[in-house]
Amino acid sequence: MKNDRCIVTGGCGFIGSALVRHLCRQGRQVLVIDKLTYAGNTESLKEVEGRYSLLIADICDQAAMDGAFADFKPDTIFHLAAESHVDRSIDGPGEFVRTNVVGTAALLQSALKRWREHPDFVFQHISTDEVYGSLGEEGFFTEKTPYAPHSPYSASKAASDHLVRAWHDTYGLPVLITNCSNNYGPYHFPEKLIPLVIINCLGEKPLPVYGAGANVRDWLFVDDHVKALCLVNEKGVIGETYNVGGHNERTNLEVVKTVCSILDELRPRSCGRYEDLIEYVKDRPGHDLRYAIDPAKLMDTLGWKPEENFDSGIRKTVEWYLANEWWWRPIREKKYAGERLGKG
C-alpha cells in the first residue's frame, strides 16, 4: 500500500481521531503525535486500541519531532495538530501562534530530513477555509481565493499554509494542502457549536447564539473529510491545494434549530420544545459573515464525493451523542462545562 507508514499529528483530536480510525481500518501503520491538551482525548481512539502507536509530545519540540521521524520512518505525515477554536484565540492568541506556526515549522524541518533519505515521502497539511476571510451573500472560496484571515486563529493557520508552500518552493519538499469547511460529527469537543447545542439541550441549559444567528457556514461530515484526505494523499498532485467542502450552507440559527427539532423527536423535553432554550448573546469580535467552499477541483480531478448531506449527517451526529454519553460526560465534568469563550 502506498504511504503505508503514517504519522498523524493531533490524532487524538476531532478530525485527527477520525482519520486515525480510518487509517487503522485500512491496515496502515500509524504513529499518533499529540500533546493531549484539553481537546486531545485517547478515548476517541478506543475502537482502534492496540492498532496505533502514541507519542505524547509537543510539535514545537524539534528534538522530539526529529526523533519521531527517525524512529518511525514515515512514508507520509498528515499534519492536523493545531489550536483550532476561534473564541479561544481571541483571548489567548499566543498559544495559537506557537502551536500553529512554530509547531508547523518544526515539523517541516523534521520532514525535510526524512524526505532527503526517503524521496517518496509526502507532507500533507490540513488547514481551514477561514484563511480566506469572509464571503458576501454569493460566491464560493476556491483554491485561487486570496488569503484574508480575520481572527488570530485563521491568521495562524494562514501562516502555517504559507510555511508549507515555502518549504516546497524553497527546498523541494513534496507537500499537499487541503482547506476544509466546518466539520461536524462524532467525538467533536463540546466547545464547538453542534456538540455544545446537543449537550446543552440534554442538560436543559441555554443555547447561546451569537448575534442574530445569521452567520453562514458550509458543513462537512467528518468521515467524508477524512476520506477526502486519504484520496488527496494517494492521488493528489504534489504542490497543489485542494478545497474540501460539503455544499451544505446553513446559518448558525438554522443549525441550532435543526438540532433542537431532531432532539424533540428522539428525546422530547418534559415540557416545551428545545428551541425555547435559545439565548441570543453579544456577537464575538471579527465574526466572519459567511464561509462556503467550492470543492469542484477535488471532485473533478480526484473523483471525491461526500456521502452525507447535512440532514443525514446531523441526524447521525445527534444519535451518536445520545448513545455515547460515556465519551462526552467526563469532558463536561472535568474539562469544559459549556461556558462561553472568547468574549474579547
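The values are calculated or read from the model by the stated rules, or taken from the named source; none is laboratory data. Nothing here was measured: the structure is a model prediction, and the numbers come from that model. All Cβ positions, even for glycine, are placed from backbone atoms using ideal geometry, and neighbour counts span all protein chains on display.
Taking residue 317 as the residue in question, decide whether it is crowded, with 17+ Cβ neighbours inside 10 Å, farther than 30 Å from residue 119 by Cα, under 18 Å from the mean Cα position of the chain (by Cα) and modelled with pLDDT of 95 or more. Spelling it out, residue 317 is indeed crowded, with 17+ Cβ neighbours inside 10 Å, farther than 30 Å from residue 119 by Cα, under 18 Å from the mean Cα position of the chain (by Cα) and modelled with pLDDT of 95 or more. Scanning the stretch 126-151 for residues that are modelled with pLDDT under 95, over 23 Å from residue 77 (Cα atoms) and of a type outside the set (A, V, I, L, M, F, W, C) yields 133, 134, 136, 137, 138, 139, 150, 151. Checking the structure you have, find out if any residue of the stretch 227-241 is buried (at least 22 other Cβ atoms within 10 Å of the Cβ), at pLDDT 95 or above and either in contact with a Cys (Cβ under 7 Å, 6 or more places away or on another chain) or charged (D, E, K, R) (or both). No.
Is one or more of the residues making up the stretch 119-135 free of Cβ contacts under 8 Å to residues at least 60 places away in the same chain, in contact with a Cys (Cβ under 9 Å, 6 or more places away or on another chain) and not polar (S, T, N, Q)? Looking for residues that are free of Cβ contacts under 8 Å to residues at least 60 places away in the same chain, in contact with a Cys (Cβ under 9 Å, 6 or more places away or on another chain) and not polar (S, T, N, Q), one finds none in the stretch 119-135, hence no.
Let's see how each residue does on (1) touching a Cys at 6+ places or on another chain (Cβ under 6 Å); (2) closer than 25 Å to residue 221 by Cβ; (3) not hydrophobic (A, V, I, L, M, F, W, C):
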residue: 109; (1), (2), (3): no, no, yes
residue: 116; (1), (2), (3): no, no, yes
residue: 139; (1), (2), (3): no, yes, yes
residue: 167; (1), (2), (3): no, no, no
residue: 173; (1), (2), (3): no, no, no
residue: 178; (1), (2), (3): no, yes, yes
residue: 190; (1), (2), (3): no, yes, yes
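One residue stands out among those in the stretch 69-82 that are surrounded by 24 or more Cβ atoms within 10 Å (Cβ to Cβ) and either modelled with pLDDT under 95 or aliphatic (A, V, I, L, M) (or both): the one that is nearest to residue 5 (Cα to Cα), which is 77. Taking the stretch 205-263 as the region of interest, the strands (runs of 3 or more DSSP E) fully inside it that hold 1 or more residues being farther than 24 Å from residue 337 by Cβ, touching a Leu at 6+ places or on another chain (Cβ under 7 Å) and among the polar types (S, T, N, Q) are 241-244.
For residue 20, indicate whether it is surrounded by 19 or more Cβ atoms within 10 Å (Cβ to Cβ) and either closer than 21 Å to residue 177 by Cβ or at pLDDT below 95 (or both). So residue 20 passes the test.
The set of residues from the stretch 86-125 being surrounded by fewer than 16 Cβ atoms within 10 Å (Cβ to Cβ), charged (D, E, K, R) and either in contact with a helix residue (DSSP H, G or I) (Cβ under 7 Å, 6 or more places away or on another chain) or at pLDDT 95 or above (or both) comprises 95, 98, 113, 116, 117, 120.
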